[in-house]
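A.B. asks: One structure follows; several queries about it will come next.
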Amino acid sequence: VAMAGPKAKLIPVGKICSCLADIEGKANKMMVEDFSKGRRDLVEEEWNIEMGEEPTMTQMQNVIKEKGQQTLEQVINYAAESKQVRIVKDKSTELQQTAWDVIAKGKDAVN
């Protein structure tokens with residue numbers, strides 16, 4: 001308090017902290033109430049659904065292979081796009097430099 005000066009005594013730190021704690025409690029209560037709204041009981045047929053057979057190892061391998069192929073294609077596409085972006089950026093820089101050269105030559109011709 002000494003470093004903050006005499007005005008620091010006017011700030012009710014305890015009251016501020018208790019208000020913040022109260023806000024958290026109110027927010028939690030509101031969240032629980034929101035989840036409770038529209039709540040209904042489920043009949044057994046809704047929650048006790050018979051599941052299909054577990055996938056076989058071959059089926060899981062096929063899914064992993066398919067996802068791996070998709071990921072590889074995305075990486076290749078990203079790399080190709082990145083290469084195109086670099087080409088366009090380089091060309092843009094080149095054209096910008098050419099424009100500055102033309103402007104400079106025009107100024108020299110006027111002077």
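The values are calculated or read from the model by the stated rules, or taken from the named source; none is laboratory data. It should be emphasised that the depicted structure is a prediction, and the values quoted were computed from it without experimental measurement. Cβ atoms come from the backbone with ideal geometry, glycine included; neighbour counts cover every protein chain shown. SASA here: full protein model, heavy atoms, side chains in, ligands and nucleic acids out. Shrake-Rupley method; radii C 1.70, N 1.55, O 1.52, S 1.80 Å.
A.B. asks: Work out from phi, with θ = phi - 60° and the Karplus expression 6.51 cos²θ - 1.76 cosθ + 1.60, the ³J(HN,Hα) of each residue of the stretch 81-90, listed in order in whole Hz, and give x for Gly and Pro.
C.D. replies: Per residue, the Karplus-derived 3J(HN,Hα) values read 5, 4, 5, 5, 4, 4, 4, 5, 5, 4 Hz.
A.B. asks: Could you name the lysines whose alpha carbon sits less than 29 Å from that of Lys26, not counting residues in the same chain fewer than 8 places away?
C.D. replies: Counting by Cα, and skipping residues close in sequence, Lys26 has these lysines nearby: Lys9, Lys15, Lys37.
A.B. asks: Give me the lysines in straight-line cross-link reach of Lys91: C-alpha distance below 30 Å, same-chain residues under 8 apart excluded.
C.D. replies: The reachable lysines, counting only those whose Cα sits under 30 Å from Lys91, are Lys83, Lys105, Lys107.
A.B. asks: How much of the accessible area of the chain, in percent, comes from carbon and sulfur atoms when a 1.4 Å probe is used? Don't skip to the end; give the middle numbers.
C.D. replies: Numbers: 6750 of 11090 Å².
Looking at the chain in its full context, I get 61 percent from C and S.
A.B. asks: Rounded to two decimals, what is the ratio between the C-alpha radius of gyration of the stretch 42-111 and 2.2 N^0.38 Å? Please report the intermediate quantities before stating the final value.
C.D. replies: Working: Rg = 29.4 Å, N = 70, 2.2 N^0.38 = 11.1 Å.
Ratio of Rg to 2.2 N^0.38 Å for the stretch 42-111: 2.65.
A.B. asks: Do the sum for the chain: with -39,500 (n - 2.57) for every DSSP H run of n ≥ 4, divided by all residues, what is the mean residue ellipticity at 222 nm, to the nearest 500 deg cm²/dmol?
C.D. replies: Computed mean residue ellipticity for the chain: -26500 deg cm²/dmol.
A.B. asks: Identify, among Ser92, Val75, Ile64, the residue whose Cα sits farthest towards the positive end of the charge dipole of the stretch 50-105, taking +1 on the Cβ of Lys and Arg and -1 on the Cβ of Asp and Glu, with the dipole about the Cα centre.
C.D. replies: Of the listed residues, the answer is Ser92.
A.B. asks: State to the nearest 20 debye the size of the charge dipole of the chain about its Cα centre, where the only charges are +1 on K and R beta carbons and -1 on D and E beta carbons. Present the calculation step by step, with values, prior to reporting the outcome.
C.D. replies: Numbers: 16 positive and 18 negative charges, 258 e Å.
It comes to approximately 1240 debye.
A.B. asks: Stretched out fully, how many nm does the piece from Asp90 to Asp22 gain, at 0.36 nm a residue minus the Cα gap?
C.D. replies: Computed gain between Asp90 and Asp22 is 18.7 nm.
A.B. asks: Okay, moving on. Between Phe35 and Leu10, what FRET efficiency follows from the Cβ-Cβ distance if R0 is 30 Å, with the result rounded to 0.05?
C.D. replies: Step by step, r from the Cβ atoms, then E = 0.15.
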